[in-house]
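S.K.: Could you have a look at this structure, given as structure tokens, before my questions?
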Amino acid sequence: MINKRARGMVGVLVREADGMLPFSESDYCRKLCLTGHRCGMKVFVFTPSSVSADKFSIRGFGFENGSWRQGVYAPPDIVYDRCFSYDRRTLHRKRIALKRLAEVHQFSYLTRGLSGKWNVHQALLQCPELVPHLPDTLPYRTKSQLEQWLDSHQGEAFLKPQHGTHGKRTLHVISPSVSEKLLLTGRDGQNQILHRKFQSRQEGLNWIHSFIANRPYIMQSYLELVTSGREPFDIRALMQKNARGCWELTGMAARIGARESLTSNLHGGGTPLQAESFLRSEFGMGPGSRIADTVRKLSGKIPVCLESRFGRLAELGIDFGVDRAGNVWVLETNSKPGRSSFFRIGDAASARKSIENPILYARYLLLSKP
């Protein structure tokens, strides 16, 4: 029997998965369902294959009375898209599912995705206060272009996929013009640490071009963003809209990687710490506090800037780098951010808000409808 559609139904769209539950992010989805129940809203989970061909029903899961229960649901009023589209097949299936839903019921997206790192960089360049904090960036096109970049950027470059996540397939290239050799540090497609040494620059450039293949990539200035102990680190700030539809800083966490790693992402083995205390220990009390204030200030400006280009958003994970001189750099923004850092560092207030805010903002959108 189909659950009656009620104003206030939120569908969380996630990827299919193998295991006891046939969908990803089950723990996060469980918390969303519980939050929805406390807020008087119905929250259920579905995947692209859950939308039936007749478009009027969805096979989904709800968390009720302490366990997951499968059911058949009417199309939701709000779709919270947490379906990470790593391949064309998944993306195609997701588009078909959402198209089917839109044909039978007018729903609102809780948030929309961003269209690649290069377009995000272009949007951020339109905010003058952000420009000093943006690394030099260009789309990767050819081997000769990368060679020219190396010659004009002290023999170093940082390469990353435009649509990549978790630090996968990132490369740090070192090839000073006075040397024919080329050194690589990075991560492969399985997020394993990668080290390569080439006896000639051309051999290295050929390997990089083959490694990139037809994937869209960007080149950036290499920034030495390491602790005093030479461990890579970044600062993750989570910005979310709240129950009033206003942006707020949910929390910040430092993420520290292994010394031999290029990235500090938690999926690559990074360790989270409380952000401001970490910055104070690394840079001193006064400088550390000023760096934290800069991160907060920039975090408040970035969402508004991106919304003016991409449309309404609900949450952003913003990654900042800090060099040894204390300069703050905007590294990346993610419209489908994780929030495990706050749980792992014991920041109970930020962890709770990180779960509550998407549901509270969904309720705000529904109550704001005419």
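The values are calculated or read from the model by the stated rules, or taken from the named source; none is laboratory data. Quick caveat: nothing in here was measured; it's all calculated off a predicted structure. With ideal geometry, Cβ positions are generated from the backbone for all residues, glycine too; neighbour counts draw on all protein chains shown. Note: areas computed on protein heavy atoms with side chains; ligands, DNA, RNA excluded. Shrake-Rupley method; radii C 1.70, N 1.55, O 1.52, S 1.80 Å.
S.K.: Please report, to two decimal places, log10 I(q)/I(0) for region 226-370 at q = 0.21 Å⁻¹ as given by the Debye formula with identical point scatterers on the Cα atoms and no solvent.
M.R.: -1.31
S.K.: Oh, and also: Computed over the Cα atoms of region 1-122, what is the ratio Rg over Rh, Rh following Kirkwood? Before the final figure, lay out each step's value.
M.R.: Numbers: Rg = 14.4 Å, Rh = 14.9 Å.
Radius of gyration relative to Kirkwood radius: 0.97.
S.K.: In square nanometres, what is one fourth of the surface area of the convex hull spanned by the alpha carbons of the chain? Each step should come with its number before you reach the end.
M.R.: Working: hull surface 78.1 nm².
It is 19.5 nm².
S.K.: Can you give me the solvent accessible area of C39 with a 1.4 Å probe, rounded to the nearest 10 Å²?
M.R.: 30 Å²
S.K.: Over 24 Å, how big is the tail of the calculated P(r) for region 97-219, in percent of all Cα pairs?
M.R.: On the way: 2971 of 7503 pairs.
Of the Cα pairs, 40 percent sit more than 24 Å apart.
S.K.: Can you pull out the GluC sites (Glu not before Pro) in region 199-282 that DSSP calls coil and that have at most 12 other Cβ atoms within 10 Å? Could you put the intermediate results ahead of the total?
M.R.: Details: sites: E203, E224, E248, E260, E276, E282; in loops: E224, E260.
Taking region 199-282 and a limit of 12 other Cβ atoms within 10 Å, the loop GluC sites (Glu not before Pro) found are E224, E260.
S.K.: Now a separate question. Just grab the label-to-label distance for M285 and R215, each label 7 Å out from Cα along the Cβ direction, in nm (one decimal).
M.R.: 4.6 nm
S.K.: I've got another one for you. Running Debye on region 186-248 with equal point scatterers at the Cα sites and no solvent, what base-10 log of I(q)/I(0) appears at q = 0.18 Å⁻¹?
M.R.: Log10 of I(q)/I(0), two decimals: -0.95.
S.K.: Once the dipole of the chain is set up with Lys and Arg at +1 and Asp and Glu at -1 on Cβ about the Cα centre, which of A102, L184, V72 lies farthest towards its positive end?
M.R.: V72
S.K.: For the chain, what does the helix formula give at 222 nm: sum of -39500 (n - 2.57) over DSSP H segments with n ≥ 4, over the residue count, nearest 500 deg cm²/dmol? Please report the intermediate quantities before stating the final value.
M.R.: Numbers: 9 runs with 121 residues, N = 370.
Value at 222 nm, helices only, nearest 500: -10500 deg cm²/dmol.
S.K.: Normalise the Cα radius of gyration of region 194-305 by 2.2 N^0.38 Å (N = residues in it) and let me know the number.
M.R.: Working: Rg = 18.0 Å, N = 112, 2.2 N^0.38 = 13.2 Å.
Taking the Cα Rg and dividing by 2.2 N^0.38 Å, one obtains 1.36.
S.K.: Can you pull the three principal axis extents for the Cα set of region 90-136, in Å, largest first?
M.R.: 47, 21, 11
S.K.: Return the subset of K168/K297; K94/K369; K99/K336 for which the Cα-Cα distance in this structure is over 24 Å, preserving the input order. Please list the in-between numbers first.
M.R.: Working: K168/K297 29 Å; K94/K369 26 Å; K99/K336 21 Å.
Check vs 24 Å cut-off fails for K168/K297; K94/K369.
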